[in-house]
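Working notes, structure below.
The values are calculated or read from the model by the stated rules, or taken from the named source; none is laboratory data. Being a predicted model, the structure only gives us computed values, none of them experimental. In this analysis, Cβ positions are derived from the backbone assuming ideal geometry, glycine residues included, and neighbour counts consider all displayed protein chains. Just the protein is used for accessible areas: all its heavy atoms, side chains included, with ligands, DNA and RNA removed. Shrake-Rupley method; radii C 1.70, N 1.55, O 1.52, S 1.80 Å.
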Amino acid sequence: MPDATQTDAIVREIHIDARPETVFGFFTEPDKLTRWLASEATLDPRPGGINHQTHPGGPDNPGGPYFMRGEFVEVEPPSRVVFTWGFDNPEVDPDASTVEVTLTPEDGGTRVRLVHSGLPQSELASHSDGWTEMLERLAAAVEGRSRGT
């Protein structure tokens, strides 16, 4: 029987005007991940390696900073990365949920498909909105443009 506190997965997709080899690094290299997702990152991109990120607070999330604690589950350059996702301080326990990212060549760029599963019901809306915004930030960072341009 499914756990009543779990939700369906969040699925987000975006096209980015860069090759998968370029986009992949924005999920596995700290200096690139901190351009769009976190303010600090410690990454060891291999199965079992750590994926620790610091996410600052802000007007829409005044409880920050948030300390994401997870580990890499699958790392298949340049097409796939899977990692666990949770926090030390808010409602999603470390390693409680999973983020799967698939990078597929498309029209001279990359189709990024992100699936976040295992979140508690209470976190679905904030993570759903958050991933929409973060993927826009990813596209801007990879493409070397300001958000909104």
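Considered as a group, the residues in region 22-52 that are without any contact (Cβ under 8 Å) to a residue 12 or more places away in the chain and assigned to a helix (DSSP H, G or I) include one that is farthest from VAL81 (Cα to Cα), and that residue is ASP31.
Filtering region 88-109 to residues that are in contact with a His (Cβ under 9 Å, 6 or more places away or on another chain) and either polar (S, T, N, Q) or open to solvent by less than 20 Å² (accessible area, probe 1.4 Å) (or both) leaves VAL92, SER97, THR98, VAL99, GLY109.
From ARG19, ARG35, ARG80, ARG12, grab the single residue that is more than 14 Å from the chain's Cα centre (by Cα) and at pLDDT 95 or above. Result of the check over ARG19, ARG35, ARG80, ARG12: ARG19.
Looking across region 60-100, the residues that are touching a residue at least 40 places away in the same chain (Cβ under 8 Å) and among the β-branched types (Val, Ile, Thr) come down to VAL75, VAL81. Among the residues of region 105-123, is any in contact with a Phe, Trp or Tyr (Cβ under 7 Å, 6 or more places away or on another chain) and of a type in the set (Lys, Arg)? Checked region 105-123: no residue is in contact with a Phe, Trp or Tyr (Cβ under 7 Å, 6 or more places away or on another chain) and of a type in the set (Lys, Arg). Listed by first and then second residue, the pairs linking a residue in region 107-132 that is closer than 22 Å to ILE16 by Cβ to a residue that is among the basic types (Lys, Arg), with Cβ atoms under 7 Å apart and 6 or more places separating them unless they lie on different chains, are THR110/ARG19; LEU114/ARG12; TRP131/ARG12; THR132/ARG12.
Would you mind telling me which numbered condition in (1) surrounded by 16 or more Cβ atoms within 10 Å (Cβ to Cβ); (2) at pLDDT below 95 SER122 fails? Status for SER122: all satisfied but (1). Counting only residues that are among the polar types (S, T, N, Q) and within 18 Å of GLY57 (Cβ to Cβ), region 123-149 holds 1 of them.
Taken over region 36-74, the criterion of being of a type in the set (A, V, I, L, M, F, W, C) and surrounded by fewer than 18 Cβ atoms within 10 Å (Cβ to Cβ) is satisfied by ILE50, PHE67, VAL73. Residues of region 97-132 that are of a type in the set (Asp, Glu) and under 11 Å from the mean Cα position of the chain (by Cα): GLU100 alone. A single member of PRO47, PRO90 is farther than 16 Å from LEU138 by Cα, at pLDDT 95 or above and not aromatic (Phe, Trp, Tyr), and it is PRO47.
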